[in-house]
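Following: one structure in structure tokens, then a few remarks.
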């Protein structure tokens, strides 16, 4: 496949950098709220490119696609992060995210419990303990 | 917490082994269809306990809980298996599962694409290539 | 393979829910002791199904099978959790478990050291540091 | 941190979609050559968004940054993929990539051998066996 | 801690390279048999240092320590490799190893089944399918 | 391949245990500095064999090979540990190591940022946050 063939399949180049950034920032705020903003702020000074990519790629591109609802996206993300088991801070951000976009606490717990089957009981248990902290943060907040 | 305290919280012991097995087998057939049955058959002779557990625990217990729809459960499972990236046969079984319980092909691809963000591009790409095989099997079937 | 064929291979349905729960709780106490009970207590309120499954499946079913000794089971579990490297709390519970069912401290350290070969030096080193904490807890206890 | 503050830190919005796509395609060809193009072609029909992202994000953005040489980037990528151990097709693409941008075969083998320390002997051995296939492909090609 | 302090704790320098190599080769043959020798042969030409390290470090050092029996070591290795799930060739080598040093087939299956608890059902199922192949190789051999 | 054939390929047995230990200790000090020494000290009492292996194998053997520069080795190690995402203490040691052997802070951040592509954004973000701590330690030191 040559470049010309690829370019024909290209979507119209309307989404320049600034647009993706603006859309991504709005989606990040909608999904992850304050927890997401804190991550960006923590990255900004030391790794500005990664801070920008985090806004423009996941939220400015992937999460703009409306084939899945935001609730379905957060079910997928919570499941994946709990299964991987090595990214607790991000799991907590997306547990907030799942609750922000319409998951109930019971649904969140059911997703994490299901991970006992696919990633083992430690993954499920550590996911539930992270959720417990998130629930407490929201009750305190 | 002592045993007596635990036992008070016990649900009524109506689900004996045979009931869980029967319910699990039905749920497995509903979700994973022929692909699921083949896994059980492959395990049966060499690891009969694991074959039985696969029916009674994931499908006879976890998937009986109706807090999540089966579509939501399969979104979570496909996301987790694609993110882990080390269980392609099971990912293919659950890609069939997701399509069996109401996900469209576009939705399945969107879940896998989203894994580029949380588990990296190789996980997403290998997930999509597995989905391509599953789609071809279904078109051929 | 149809349901009828499966059902013929079914073990007698003597282990109802309450039996598995009772057996599982005893085995959990035998292996993991206080550390195991704390995990169940932490899960109980927020994820009661997962708390129950943790008793009835791993300890009420898998650990009831006497093909392996409890010492052999804990060698396997400590090795697996150290190799995965993403479940330190569970590794610590099962380091207690290994010592509770007859492993010496030297044997535990040898298992963790061996993981340098199969999962890399970081996995082995972090496993040993977790063991060091467990040894200190037991010396203090 | 509010949107206005972020936007002030925004780089000039010169890199629109088409530019990133064009730059990414050139970089992909430079690094991964034919092996990279085959991946894009395989994704194109079933997952067009992922095919596009693979060009625009890793190669159109990350690999455009010249803080690291391409050789250094491929050392990092080969090390990471060998350590993860669950993405052999991508490892092979990037073993070609490393050789394309200036690594010798001895250097590639040294990177993979070093992974025995950080990810265990199986990761290193499987990496070397993948390299052996890549070397044979290049000798045959 | 300075170098002098370390050197005081040094074991007597009796195990030179050639001794470790000779002891390692014997231990490798004892545990992994023909399957282990094939791995070394496959590495020898392309990665001679890794081939040598595989003999001198795991088998010439770690497996020389007699705190654990060889059966206990293979229980640990099979558990770890099945849990990691990304090193099927090495898992098969060590399933042969476990059987060579005294594990029964039932014990091997019990270890793999137990991994359903700690690493998820896919890890256990794929481990059992690998064992099935190993059993067939031995029956054919 | 029989033992005799292997032995012919054996390098001259000049590197006895004491030599490897001495060379390894010097290399460890050169790369990881104080952070590396602290790891050894922490292991010494509880797991003396692992403490010794950490010096003699990674640093006394693997890092003695001069096919790669120390800077290239540390690029590989930082990439691998960030991608694995389950060994933060070792990642921090080797972030110090990378800076000690000639990587700039910008280069280190670029390696970690690149891991967003191969291991996902959480791996990259957690790597950058670890680097931020390492930078602060060095500024404070």
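Coordinate-derived values only; no laboratory data. Predicted model only: the values in this text are computed from it and were never measured. Neighbour counts are summed over all protein chains in view; Cβ atoms, including those assigned to glycine, are modelled from backbone coordinates with ideal geometry.
Could you identify the residue of B sitting closest to the B-C rotation axis by Cβ and state that distance rounded to whole angstrom?
B:16, 2
Hey, what angle do you get for helix E:88-100 against the long axis of chain E, alpha-carbon based, 0 to 90 degrees rounded to 10?
90
Return one quarter of the surface area of the convex hull spanned by the alpha-carbon atoms of the stretch E:70-140, equal to its mean projected area, in nm².
3.9
Mind running the shape call on the stretch B:57-110? Use the C-alpha gyration tensor, a ≥ b ≥ c as the square roots of the eigenvalues: rounded below 1.5 for a/c, prolate if a/b tops b/c, oblate otherwise.
oblate
Over all directions, how big on average is the projection of the convex hull of the alpha-carbon atoms in chain F, in square nanometres? Mind showing how you got there, number by number?
Numbers: hull surface 42.9 nm².
For chain F, the mean projected area of the Cα convex hull comes to 10.7 nm².
How far apart are the residue F:42 label points across copies, placing each 7 Å from Cα toward Cβ, in nm, shortest first?
2.0, 2.0, 3.5, 4.0, 4.1
Per residue of E:51-59, how many C-beta atoms from partner chains lie within 10 Å of its own C-beta, taken as a mean?
The shielding value for this peptide is 5.
What is the order of D:84, D:23, fewest Cβ neighbours within 10 Å to most?
D:23, D:84
Less than 16 Å from a label point 7 Å out along the Cα-to-Cβ axis of residue F:138: which backbone N atoms in the stretch F:19-41 qualify, by residue?
Once the point is set 7 Å along Cα→Cβ of residue F:138, F:30-36 turn out to lie under 16 Å by backbone N, inside the stretch F:19-41.
With runs of 4+ DSSP H residues as the only contributors, calculate the mean residue ellipticity of chain C at 222 nm using -39,500 (n - 2.57) per run, divided by the residue total and rounded to the nearest 500. Working shown, then result.
On the way: 7 runs with 104 residues, N = 141.
Taking each H run of at least 4 residues, the total per residue is -24000 deg cm²/dmol.
For chain F, what is the relative contact order in percent, using Cα pairs closer than 8 Å and at least 6 residues apart in sequence?
Numbers: 134 pairs, mean separation 30.5, N = 141.
After rounding, I find 22 percent.
List the distances, in nm and shortest first, from the label point of residue B:65 to the matching label points in every other copy, placing each point 7 Å from Cα along the Cα-to-Cβ direction.
2.4, 2.9, 4.0, 4.0, 4.8
Once each part is reduced to its C-alpha centroid, what is the distance from the stretch D:95-141 to the stretch B:93-141 in angstrom?
About 30 Å separates the Cα centre of the stretch D:95-141 from the one of the stretch B:93-141.
For residue C:133, place a label point 7 Å out from Cα along the Cα→Cβ vector, do the same in each other copy, and report the separations in nm, one decimal, smallest first.
So the label point of residue C:133 gives 1.3, 1.3, 3.8, 3.9, 4.0 nm to the other copies.
Under a 10 Å cutoff between Cα atoms, tell me which one of B:28, B:95, B:50 has the largest fluctuation in the Gaussian network model of chain B.
B:50
Is the C-alpha gyration tensor of the protein assembly as shown telling us rounded, prolate or oblate? Criteria: a/c under 1.5 is rounded; beyond that, a/b larger than b/c is prolate, otherwise oblate.
Note, shape of the protein assembly as shown comes out rounded.
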